[in-house]
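Remarks on the structure that follows.
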Amino acid sequence: MRLGITDAVKHLIIINVIMFIGTMAIGDGQLFNKLFTLYFPKNDLFQPWQIITHMFMHGGPAHILFNMFALWMFGTPVEQRLGTKKFLFIYFSAGLGALAFQLGYYYVDFYSEMQVIADLNLSGEMLDKILNIDTRQGDYLVGEKLGQGLQPILNEYGYSTNINQEQFRALFNMNAITRSAMVGASGCIMGILAAFGMMNPDAKLMLIFLPIPIKAKYFIPGIILLDIISALTGQSFFSPSNTAYMAHVGGAVIGFLIMWYWKKNDMNKYRWN
C-alpha cells in the first residue's frame, strides 16, 4: 500500500470541501442547506436531487474533517485495490443504501403515529400543512410552537374535532420526523470501511477516543452494533445525538453485500481479487 491519495478519493474530497465552503459562504448558510440537504419527502423543501447532493453536505467543521479523514484513510487503499469504477460503485451504492435504511426507519415511526391520529380524519392537504409547521425554538423542537401553528390551520379548514393529548403528541412526533434532514458522506464511508475490512480483516483499527488496536473483522461489526443500539435506544456513544445511526448501518450493509458478491462470484468480470 503506497502513501498518498487516489484520483476518485481526491476528487470526492474536493467536491465535499467546495460544498462545505458554499454552505458557509453563500446565503448565510441557508441557501445550500435548503437546496442540497436531504429532507424527509413530506417536507415542503424536499427535492429529488437531494438524494445525491446530501452526500456532499456536512453539518460543521468537525463533521467534514472526520469524514474526509476517513475517506482518505480507507478510501485510498480500497480504490487502489478495486480500481476507480468499482470504488465509486461501492461509494454511491452505500450512500443510497444508507438513505434507504434511514428513511425506512423514519417511515416506520411515521406510520405508527399515523395510526394514532387516524380517527381525526385530517385531509392530506391539512396534514401536510401541520407537518410543515416550524416548531423550532433555538436548537430544539417544542410542542408549544406546534400548538401555536396548529390552531390557525384548524380554523382555516373549519375543523372542530377535539385533539387529545395522545393525538397531539403523535402530530408533534410526525412533525419532528418531517423536519428531519440528512447530510454527510458517513453512509458512503461506512460502505468503504466495510469493503476495507473484508479485504484486510486482520488490519488493526482504533477509535480516536479509544486508542486500543482492534482487528478490522471485530472493529467494524462492533461499530455497526453500537449504531444499531444508538438508533433503538437514543443513547449516543461516540457520535452527536442527532447522528443518523441507521444510515451508518445501511451504508455498511450495502458495502458488505457488494464485496461479498464480488468475492464469491466465479465470473471474473465481477471479482475484486
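Quick notes on this one:
- Prolate/oblate/rounded label for the stretch 11-57 (Cα gyration tensor, a/c 1.5): oblate
- Straight-distance crosslink candidates among lysines, where the alpha carbon sits under 27 Å from Lys86 and sequence neighbours closer than 8 are dropped: Lys10, Lys204, Lys215, Lys217, Lys263, Lys264, Lys269
- The stretch 133-198-the stretch 7-44 distance, computed between alpha-carbon centres (Å): 21
- For the chain, with +1 on Lys and Arg beta carbons and -1 on Asp and Glu, the positive-most of Thr76, Thr233, His63 along the dipole: Thr76
- Dipole size of the stretch 120-178 about its Cα centre, with +1 on Lys/Arg Cβ and -1 on Asp/Glu Cβ: approximately 80 debye, rounded to the nearest 20.
- Cα gyration tensor shape for the stretch 120-178, rounded if a/c is under 1.5, else prolate or oblate: prolate
- Ellipticity estimate at 222 nm from DSSP helix runs (n ≥ 4, -39,500 (n - 2.57)) divided over the chain, nearest 500: -19500 deg cm²/dmol
- Cα shape, the chain, gyration tensor, a/c 1.5 rule: prolate
- Charged-residue dipole, Cβ positions (Lys, Arg, Asp, Glu), the chain about Cα centre, Debye nearest 20: 1440
- The chain: DSSP helices with Cα axial extent of at least 15 Å and average Kyte-Doolittle hydropathy no lower than 1.6: 186-199
Read-outs throughout are calculated quantities, based only on the coordinates presented, and are distinct from any laboratory measurement. These figures come from a predicted structure and were not determined experimentally. Cβ: placed from backbone, ideal geometry, glycine included. Neighbour counts: every protein chain shown.
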